Amino acid sequence: MKEHPQESSNEPLAASHDEDGNPMEWWRNAVFYQIYVRSFQDSNADGVGDLPGIIERLDYLNDGTTRSLGVDALWLTPINPSPMFDFGYDVSDYCDVEPLFGKLSDIDRLLVEAHRRNLRVILDLVPNHTSHLHRWFQESRASRSSPKRDWYVWRDPSADGGPPNNWVSSFGGPAWSLDPSTGQYYLHSFLAEQPDLNYRNPEVVQAMENVLRFWLERGVDGFRVDVIHKMIKDEALRDNPKPTPEEDHPIKHYGGQVHLYDEDQPGVHEIIRSWRRILNQYGERAMVGEVYILDPLRIVPYYGNGDDELPLAFNFSFLWTPWDAAAFRAQVEQVEGLLPPRAQPTYVLSSHDAPRFRSRFDHPQLGAARARVAAMMLLTLRGTPFLYYGEELGMADVVIPSDRICDPVGKRFPGLGRDPERTPMQWNGNTGAGFSTNGDPWLPLADDYTTVNVAAQVDDPSSHLSFYRRLLRYRKQTPALTQGEYRALDSPADTFVYVREHNRQRVMIALNFADEPRVVQCAEWRGTTIKVASDPKREAQEIGRELSLAPAEGVVIEA
């Protein structure tokens, strides 16, 4: 049952086809662009980005001309009403829009305008937990006999009066909080203000399926599903074991635990299969899961048999891979060897929860060049790439003064703040960077915004933005990149060289991660030309028996 009436109808885009005219799911050859809604465009001068602001900037993303960026789909961070204890990842109403960002009519209008530009739109769905102010939780905590008590995970204290088990929150401390009025603990995988739903209760499953249908009927093209691997917990709530010293890993084993029982439980797959069946009822809709498990072997089951569970599952290994060609090649080779037929990788280099790769891979002289090599890798590997707003400009993390920290998590847990990668989009060199006419946007601007911005780069053929546009345009018109197989080639140390092949088309990508020149042997490519290069002066050059690559340089060659 819908919680709000639908204000307007919106038809999804027509089905996609490959170069031979055969039906093909649109997300297979799409490039996604993540928009952190608070930071993309402020339309009402309150210093915070919003939905009308995104509508204003759709032409930049894809207007059908070579001046636009040329992406295919947008992922919007949560737009639902929220008290913002975790900036939207604490939802208080799944079927409405946060007033700070606009109204339901604004998301309807955004869908219409995006579809008119052949842009798909997926929304962030946060199903593992709600806000503590959601009416479901307010009813649940009212009494032990509440009809919604079992919608959340409640347990009596342990024998010593403490939490029911040793589980820890992803943000630190116990994953349990005591509710004094009822004398029981409730589970929260994140903040205490984000209580976990109980998906062993069929009523919860049905309620979330209704949420999916609500948005699908409004015309959204799918969902990015937050921490999808956490939705089911061990029924017996057993203690998590401690890792051995040899296997200890600060990210995998946060809180000093092997997360054996509080995530990645078998029962989650039936929920995902049921959601996939719902999506299939609405035609071509996508779902990408945030399976934040840094082990590709454990991510593979979330694809099911290739077309009955997640169409796409994030692989976050690149977020923690150092600037090293062999390390990236090893990550790719592992994923390629594990995925089932019809499944494809979903790589990402930056996000709202991780430092921007322009900063992670920085170098005193080669920082910008490295960023282009990384982008070339992301956009030419097999799979569905996700870009993070502003990376096409070379935006880097911003140092946030202590008195300007906004991230609620960063305020509570120094060192975990995510503000540096969430600063406003840099549109021009004017006051407010074109993001807002408010003189004090919600986060401070980068010091370099007067030069690192869209207006400064849009007409400069040597700019970061122009490089992205050329690469995206070439990718879109090259079936070997959107549909082809992947094959790594032997190459010198500090280089990553691979081929993408489809039918009779072959494309070679040669990436130099070294701080010195490298020479790649390529006799079989002799006489071909460079199609896209991180240095535009090299484009259209003819290839001889050897290919010389400058420090931190990448090229794409087509046979």
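Contact order for the stretch 135-187, expressed relative to its length and based on alpha carbon pairs under 8 Å spaced 6+ residues apart, stands at 32 percent. Couplings 3J(HN,Hα) of the stretch 163-169, computed from phi: x, x, 8, 9, 4, 10, 6 Hz, in residue order, whole Hz [Karplus 6.51 cos²θ - 1.76 cosθ + 1.60, θ = phi - 60°; x for Gly and Pro]. Shape class of the stretch 431-512 from the Cα gyration tensor (axes a ≥ b ≥ c, square roots of the eigenvalues): prolate, since a/c reaches 1.5 or more and a/b is larger than b/c. Ellipticity at 222 nm from helices only: DSSP H runs of n ≥ 4 in the chain, each -39500 (n - 2.57), divided by the residue count, give -6000 deg cm²/dmol.
Taking a ≥ b ≥ c as the square roots of the eigenvalues of the Cα gyration tensor, the stretch 135-187 is classed as oblate, since a/c reaches at least 1.5 and a/b does not exceed b/c.
With the charge dipole of the chain set up from +1 on Lys and Arg Cβ and -1 on Asp and Glu Cβ about the Cα centre, the Cα lying farthest toward the positive end among the listed residues Pro296, Gly306, Pro408 is that of Gly306. Beta-bridge orientation, the chain: approximately 65 percent antiparallel, per DSSP, counting only bridges with both partners inside.
Amide H to amide H distances under 5 Å link Val532 with Val556, where only residues 5 or more positions off or on other chains count and H is placed in the peptide plane. The 3J(HN,Hα) values that the Karplus relation (6.51, -1.76, 1.60; θ = phi - 60°) gives for the stretch 424-436 are, in residue order, x, 4, 9, 8, 7, x, 6, 4, x, 6, x, 6, 7 Hz. Gly and Pro appear as x. Descending by average beta-carbon neighbour count within 10 Å, the peptides 399-412, 54-67 line up as 54-67, 399-412, the highest first.
With a/c under 1.5 counting as rounded, go ahead and sort the chain into rounded, prolate or oblate using the C-alpha gyration tensor (a ≥ b ≥ c being the square roots of the eigenvalues; past the cut-off, prolate if a/b is larger than b/c, else oblate). It is prolate, given that a/c is not under 1.5 and a/b is the larger ratio. Here the stretch 135-187 is assigned +1 on the Cβ of each Lys and Arg and -1 on the Cβ of each Asp and Glu. Its dipole about the Cα centre then comes out at about 200 debye.
Straight-line reach from Lys230: which lysines fall under 24 Å, measuring Cα to Cα and dropping same-chain residues less than 8 apart? By straight Cα distance, Lys230 reaches Lys148, Lys242, Lys252.
Near Arg224, the amide H atoms lying under 5 Å from its own belong to Leu123, Asp124, Leu125, Val288; only residues 5 or more places off or on other chains count, and H is placed 1.01 Å from N. Sequence-ordered 3J(HN,Hα) estimates for the stretch 177-182 from the Karplus curve with 6.51, -1.76 and 1.60 and θ = phi - 60° stand at 10, 7, 9, x, 5, 10 Hz, glycine and proline given as x. Hey, which lysines would be in cross-link range of Lys476, C-alpha to C-alpha under 27 Å, not counting anything within fewer than 8 residues on its own chain? Of all the lysines, those that pass the test against Lys476 - Cα under 27 Å, at least 8 places apart if same chain - are Lys531, Lys537. Scanning residues 5 or more positions from Asp179 or on other chains, those with amide H under 5 Å from its amide H are Gln184, Tyr185, Tyr186, with H placed 1.01 Å from N in the peptide plane.
The charge dipole of the stretch 485-558, taken about its Cα centre with unit charges on the Cβ atoms of Lys, Arg (+1), Asp and Glu (-1) only, comes to about 300 debye.
The magnitude of the dipole of the chain, with charges of +1 and -1 set on the Cβ of Lys/Arg and Asp/Glu and taken from the Cα centre, is near 740 debye.
Which of Ser105, Ser68, Leu58 sits closest to the plus end of the dipole of the stretch 18-163, meaning its Cα is farthest towards the positive end, when Lys and Arg get +1 and Asp and Glu get -1 on the C-beta? Positive-most Cα among the choices belongs to Ser105.
A short reminder: the numbers here are calculations on the coordinates, not readings from a lab. Remember, it's a predicted structure, so these values are computed and weren't measured experimentally. Positions of Cβ are backbone-derived with ideal geometry, glycine not excepted, and every protein chain shown enters the neighbour counts.
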